[in-house]
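The values are calculated or read from the model by the stated rules, or taken from the named source; none is laboratory data. Every value quoted in this text rests on a predicted model; they were computed, and no experiment measured them. Note: ideal-geometry Cβ built from the backbone for every residue, glycine included; neighbour counts use all protein chains shown. Side chains included, ligands, DNA and RNA excluded: accessible areas come from the protein's heavy atoms. Shrake-Rupley method; radii C 1.70, N 1.55, O 1.52, S 1.80 Å.
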Amino acid sequence: MKHYFILFTSILFFFACDKQREAPVDFERLLASLDETSIQISASNAQEIHQERNKIGIMKGMQCKAIDNKLQLEITDSIAEIKFNTASAGLPSSWRDYSYLKLKLENTSPENVKVTVVLWAPRGRLPDTLYLRSYQTVEKYIDLHDLPLIGSVQNKYQVDEVAFHFNTRNSANISIEAIALVEEDGKKDFVVVDRFGQRKSTDWPGKVKTDDELLKHRIAEKKSLTGIFNSNSYDSFYGLKTKNKYPTNGFFSMGYEVIDGINTWFFVTPEGNPFWSFGVTGIRPTKAYNAVTLVKGNEQLFEELPDRKGPYADAYIDSTLSFYKLNLLRKYGGLQAWREVSMKRLSSWGMNTIGNWAEDSLLMQSKMPFTYALETSVRRWKMDVYSPEWQTYVDSVFSRVTQLRENKYLLGYFVDNEGGWGNLKLPENLPQNAFLRQIWKEYLTDNYTSISEYNLRYSTQFSSWEDLVASNNSDNISQEEIIQLEKLYTERYFRIISETLKKYDPNHLYLGCRFTRKLKPNYILQIAGKYCDAISVNVYSYEPIKEEMDAWHQMTGKPILIGEHQAALNSPRQLPLRWQTFTEEERFDYFVNYVKVWASMPYSLGCHWYQYADQDITGRVSNGENQIIGFVDITDQPYTKMIEAVQFNSQNMYMWHGMDR
C-alpha cells in the first residue's frame, strides 16, 4: 500500500508542477528503425532475435504505420508485441533527468485490450500494465524512480529497450499517440535504498525498520537453532552411518558402491562413511568486487551511509560498501558472533558443507566439511600456461595451502571458476611471444616432415612454420591442428594444477575448475578427467538434465559435484530480473525437485546453492548482479520457505541417492 501511496502522491506532485519538459519518441524514426530489421518473425527465430542485442527492434502479431505523428497498430493476433531499442527511437542513453515515462494510447476498436509495458535495463525489468476498454483513450505515467535498481554498473539510469505486449481476444486497432520521457523542473535524485540496504519504496512482511528489530530477530532465532545431525545417524564429519564402512586415508576421499549393477558414487569421510555434499556458497560478510556495491558517485541513491570513521567503517572497502556486513555489525556487534550463528544455522537447517568463497576466518574454525577456492589467474598471463611466470605464480598461490594439509574437515579444492573452456579461441588469444606457440611449433615439426607437407594436406600457403604459428587467424589453420593446440593447452593447465596441488597438499581432493553447464569438447573433458579427482560443473537450469549429466560423466570418467545452482526470488524487495524469478512456494518446489533429480543420478556427489546472502540491490561492483538469491536477506533474516526446503532435502537426499541406512 505504501508503494502505491508514494506513486500516487508523486503523480499528484507531477501534475502540480508548473514547468515540465518532455523528450518524445519520434514515431517516424522508430518505424524506420523497425523496417531496417526483418519484422516478419517466426516462432523459430523470435527468441534468437530477442537475445541479439544489436537488433534495433521487432514486431509480432501486428501491422504498424506512422500517421500524423501517431503509431497506428493493427493487431492481428491475440498475443502481439512491439519492442524497440531506445537509441533507435531517439531516446537518451541515461534517464536520470526524468521522473516518468508518459504514454497515451487510444483503442479505436470494439475489443478490450490488455497492454503490458516493459522497460528493459541491463540487470532487470520495470513492468507496468494498463487496460484499454473499447474505444477508450488512456494516459499513463510510469514511475521511473526505481530505475537505478536495474541499471548497469556504469549507468544506473540506463534503459536499453521498451516493449509493448498486447493481449486481446480478437483483432484490434490501437493508436499510440505519445511515448515521452517527462522531466520536472527542480527534480532531485530519488532515494531508492534505505539505511539497511533494502528497497525503500515498497514494503513486505519482515522488512526491518529499526536497529532494535535486528536485535530482536537475533534473540528469537537463537532459541530455534537445534542441530539435526545427531550422532545416532551421522558421524562427526556429517557422514551417513551405514552398515558398510569404506576405505579411508584419514581425510575425505572418493568411494562407490555397486547398487543394482551401477556404481553409486559419494565422498567418504575420514571415519569411512558415505557423504553426499549438500552445501551453500558465499558465507562471507563481504568481498572486494563481488560482495560490495559501489557508493562513490552513487551517494544520491542511499537514504543513509555509515560514517567512514565511525563504528561501522569496516563495512567499506575503498569506494564500495557491503550492506550485509553493515547489518551484521549492527546485529551482532562483531563478526565472531555471526560466524557462530552461521555454523549453528547450517547444522540446524540440514546443510553439511560450506561451499566456495566462504570467509577464511570462518573456515579455519569450521567443524563442518568445507571446500576451498584457489585462483590461478590464467587470463592474467593471456592463456600462456607454458609461461614460467604462470607456473611460478601457481606455485606461489598453492604454497599457502600447507596450512590446510592436515585439516580433516577440508573436502577438497576448487581451482578457478567458469573459465572459457567452451571457446578457448586459440590461437587468437595467444600473444605473439607466448611460450605455447613454440611448443606448438615443436609439435608440428614432430608430426610433419615440412611446411610443404602441411600446406599440401590442408590446402594452405604458409611460407614457414614460423609463419603458421605466428598466425592469429584460425580460419587459415586446419581445425585438426587447432584442436591439437587446445589439447596442448588443456593438458598443461590441468597437469600443472594437479601436480602443484598434490605437491603442497597430497591429502585432499582436486575438485576441478567449476565448468559452466554447456558440454565442452570431448578432448577437453577427457583431459580434465585424467587429472581431477572429481568434476565440478555449475548447472543453472530448473533441474539437472540427465542426458547432459550422463555425457559429462561418460566423457570425464569421473563423478560430478555441482558447484552452483539457484533460483532468484520474485519479491517486492527488488524489481524483476531479465530472466525468470520464483515465488517463495515456487522456490521451495524448485529446490526440492533439483536436489531429488540430481541425487537420483548415481555419479552425483552433491550440489551447492549460490549463495548464502542476497546481493546488494544496487548491484555488486564486478558486474552489477543484484539478485534476491540468499538463504538470508541483506539484513541477515532467513527465508522460511527456503529453510524448510533445505530441511526436507537433507532428510531425503541419501534415500534419493540409493544409500541404505
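Worth a mention:
- Residue, most open to solvent (accessible area, probe 1.4 Å), within the stretch 405-420, restricted to residues that are in contact with a Pro (Cβ under 8 Å, 6 or more places away or on another chain) and of a type outside the set (D, E, K, R): TYR409
- Residues that are under 28 Å from TRP552 (Cα atoms), small (Gly, Ala, Ser) and either assigned to a helix (DSSP H, G or I) or open to solvent by 20 Å² or more (accessible area, probe 1.4 Å) (or both), drawn from the stretch 605-648: ALA645
- Restricted to strands (runs of 3 or more DSSP E) entirely inside the stretch 124-239, those with at least 3 residues that are of a type in the set (D, E, K, R) and under 30 Å from GLN72 (Cα atoms) are 137-143, 172-184.
- Test for GLY297: is it within 20 Å of LYS156 (Cα to Cα) and under 26 Å from the mean Cα position of the chain (by Cα): yes
- Top-ranked residue in the stretch 463-491 [being in a helix (DSSP H, G or I) and in contact with a Pro (Cβ under 7 Å, 6 or more places away or on another chain); ranked as most open to solvent (accessible area, probe 1.4 Å)]: SER474
- Filtered by the rule that a residue be within 15 Å of THR202 (Cα to Cα) and either of a type in the set (Lys, Arg) or in contact with a Ser or Thr (Cβ under 8 Å, 6 or more places away or on another chain) (or both), the stretch 128-147 gives ASP143, LEU144, HIS145, ASP146.
- Filter result (assigned to a loop (DSSP other than H, G, I, E, B), out of contact with any helix residue (DSSP H, G or I) (no Cβ under 8 Å at 6 or more places or on another chain) and touching a residue at least 12 places away in the same chain (Cβ under 8 Å)) within the stretch 410-430: ASN417, GLU418, GLY422, ASN429
- In the stretch 63-79, the residue that is most open to solvent (accessible area, probe 1.4 Å) out of those that are closer than 13 Å to ASN173 by Cα and acidic (Asp, Glu) is GLU74.
- Qualifying residue in the stretch 184-207 (condition: surrounded by 16 or more Cβ atoms within 10 Å (Cβ to Cβ), more than 33 Å from the chain's Cα centre (by Cα), at pLDDT below 95 and not hydroxyl-bearing (Ser, Thr, Tyr)): yes
Condition check ((1) at pLDDT below 90; (2) closer than 16 Å to LEU130 by Cβ; (3) among the polar types (S, T, N, Q)) across all residues:
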position: ALA66; (1), (2), (3): yes, no, no
position: GLU74; (1), (2), (3): no, no, no
position: ALA80; (1), (2), (3): no, yes, no
position: SER88; (1), (2), (3): yes, no, yes
position: GLU106; (1), (2), (3): no, yes, no
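- Scanning the stretch 442-462 finds one or more residues that are closer than 28 Å to ASP416 by Cβ, open to solvent by 10 Å² or more (accessible area, probe 1.4 Å) and at pLDDT 95 or above.
- Of all the numbered requirements in (1) over 30 Å from THR371 (Cβ atoms); (2) out of contact with any Ser or Thr (no Cβ under 8 Å at 6 or more places or on another chain); (3) in a helix (DSSP H, G or I), ARG457 misses one, and that requirement is (2).
- Scan of the stretch 358-407 for residues that are out of contact with any strand residue (DSSP E or B) (no Cβ under 8 Å at 6 or more places or on another chain) and aliphatic (A, V, I, L, M), ordered by number: MET364, VAL378, MET383, VAL385, VAL394
- Flag if SER498 is farther than 25 Å from ALA613 by Cβ, open to solvent by 10 Å² or more (accessible area, probe 1.4 Å) and small (Gly, Ala, Ser): yes
- Test: residue in the stretch 294-311 that is touching a Gly at 6+ places or on another chain (Cβ under 8 Å), over 26 Å from LEU404 (Cα atoms), among the β-branched types (Val, Ile, Thr) and surrounded by 12 or more Cβ atoms within 10 Å (Cβ to Cβ): no
- Residues that are farther than 25 Å from GLN63 by Cβ, surrounded by 21 or more Cβ atoms within 10 Å (Cβ to Cβ) and of a type outside the set (Val, Ile, Thr), drawn from the stretch 147-183: LEU147, PRO148, LEU149, GLY151, LYS156, GLN158, LEU181
- Among the residues making up the stretch 97-117, those that are open to solvent by 10 Å² or more (accessible area, probe 1.4 Å) and touching a Phe, Trp or Tyr at 6+ places or on another chain (Cβ under 9 Å) are ASP97, TYR98, LYS102, GLU106, THR108, PRO110, ASN112, LYS114, THR116.
- Matching option when the condition is touching a Lys or Arg at 6+ places or on another chain (Cβ under 9 Å) and more than 30 Å from PHE275 (Cβ to Cβ), among LEU444, LEU436, LEU424: LEU436
- Counted residues, the stretch 373-403 - those being aromatic (Phe, Trp, Tyr) and open to solvent by 30 Å² or more (accessible area, probe 1.4 Å): 3
- Residue selected from the stretch 258-282 under the condition in contact (Cβ under 8 Å) with a residue 24 or more places away in the chain, farther than 17 Å from TYR413 by Cα and part of a strand (DSSP E or B), by the criterion nearest to the chain's Cα centre (by Cα): TRP265
To keep it simple, each residue is scored yes or no on (1) touching a residue at least 40 places away in the same chain (Cβ under 8 Å); (2) touching a Gly at 6+ places or on another chain (Cβ under 6 Å); (3) open to solvent by 10 Å² or more (accessible area, probe 1.4 Å); (4) not in a helix (DSSP H, G or I).
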{"site": "TYR493", "(1), (2), (3), (4)": "yes, no, no, no"}
{"site": "ILE527", "(1), (2), (3), (4)": "yes, no, yes, no"}
{"site": "MET549", "(1), (2), (3), (4)": "yes, no, no, no"}
{"site": "PRO572", "(1), (2), (3), (4)": "yes, no, yes, yes"}
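- When each of SER459, SER474, SER452 is tested for being of a type in the set (S, T, N, Q) and touching an Asp or Glu at 6+ places or on another chain (Cβ under 8 Å), the lone residue that passes is SER474.
- Test: residue in the stretch 334-346 that is in contact (Cβ under 8 Å) with a residue 60 or more places away in the chain and touching a Gly at 6+ places or on another chain (Cβ under 6 Å): no
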